[in-house]
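Undergrad: Handing you this structure, nothing more for now.
Every number here is computed from the coordinates shown, using simple stated rules; none is lab data. Computed from a predicted model, the values in this text were never measured in an experiment. We place every Cβ from the backbone using ideal geometry, glycine too, and count neighbours over all the protein chains shown.
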Amino acid sequence: APRLPAEAALARLRLYELNDLWAEYDGADQASFSRSYSFSAAHRLHAATLSDEQNRAIYGKCNNPNGHGHNYTLEVTVGGAIDGQTGMVIDLVELDRTVRGVLDGLDHRHLDREIAGFADQTSTAENIVVYLWGELAPPLEGKLQYLKLWETKNNVFEYSGK
Ligand code: NI
C-alpha cells in the first residue's frame with residue numbers, strides 16, 4: 001500500500017494459492033478465505049402452485065418431467081480475524097469437512113425427489129444457494145460471508161445471507 005502513488009489507494013488484494021483456493025485482504029482487521037467445491041445433481045423446475053401450462057411457459061425445457069442435471073460449482077467465502085497462532089481465518093480441514101458434508105448430501109441426487117428441503121420448494125439455483133446458506137452458516141459459526149453458485153458457465157447466483 002505505501003508504495004502506490006499518493007492519488008491511488010489500494011482497494012483489495014486477492015492472492016490465489018490454487019485456482020480454487022484464495023485469500024483476500026483490504027487492510028482492515030479481518031481477512032477472507034475462499035474455496036470452490038463442486039457437486040452434481042438432477043432436478044426439475046416445477047412450481048406446485050402453478051398449472052402445468054404455466055410451468056411449461058415459465059421454465060421451458062427445464063420443466064421436463066424426467067428432470068435434467070447440472071455440474072454445480074459452489075464458491076464459499078469465510079471471513080474473520082487471522083488467528084495469531086495458526087495464521088488462518090478458519091481451519092481449512094474443518095471447512096472442507098463441513099462443506100463436503102453438506103454437498104455430499106446433494107451429490108448425485110435428484111434434488112426434488114430426494115432432498116426434503118426441495119419437496120415443496122422449486123429447486124431453482126436461487127433456492128439452492130439459500131438452502132446451502134442455511135445448512136452452512138450454523139456450523140461455520142458466524143464466519144460465512146458469501147456464497148456463489150454456478151449452475152452453468154453462464155448462470156451464477158450469489159447470496160450473503162440477507
Ligand atoms: Ni436446471
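Undergrad: Does at least one position in the stretch 123-142 carry a residue that is without any contact (Cβ under 8 Å) to a residue 40 or more places away in the chain, farther than 29 Å from A81 by Cβ and not in a helix (DSSP H, G or I)?
TA: No, the conditions are met nowhere in the stretch 123-142.
Undergrad: Answer yes or no: is there a residue in the stretch 72-80 that is within 14 Å of the ligand (Cβ to nearest atom) and within 17 Å of L140 (Cα to Cα).
TA: Looking through the stretch 72-80, none of the residues is within 14 Å of the ligand (Cβ to nearest atom) and within 17 Å of L140 (Cα to Cα).
Undergrad: Considering only the stretch 36-95, how many residues are of a type in the set (D, E) and part of a helix (DSSP H, G or I)?
TA: Selection size over the stretch 36-95: 3.
Undergrad: Among the residues of the stretch 39-71, which ones are touching a residue at least 40 places away in the same chain (Cβ under 8 Å), within 21 Å of T152 (Cβ to Cβ) and away from the ligand (no atom under 13 Å from the Cβ)?
TA: F39, A47
Undergrad: Also: So which residues in the stretch 25-34 are touching a residue at least 24 places away in the same chain (Cβ under 8 Å) and of a type in the set (D, E)?
TA: Listed by number, the list holds a single entry, D29.
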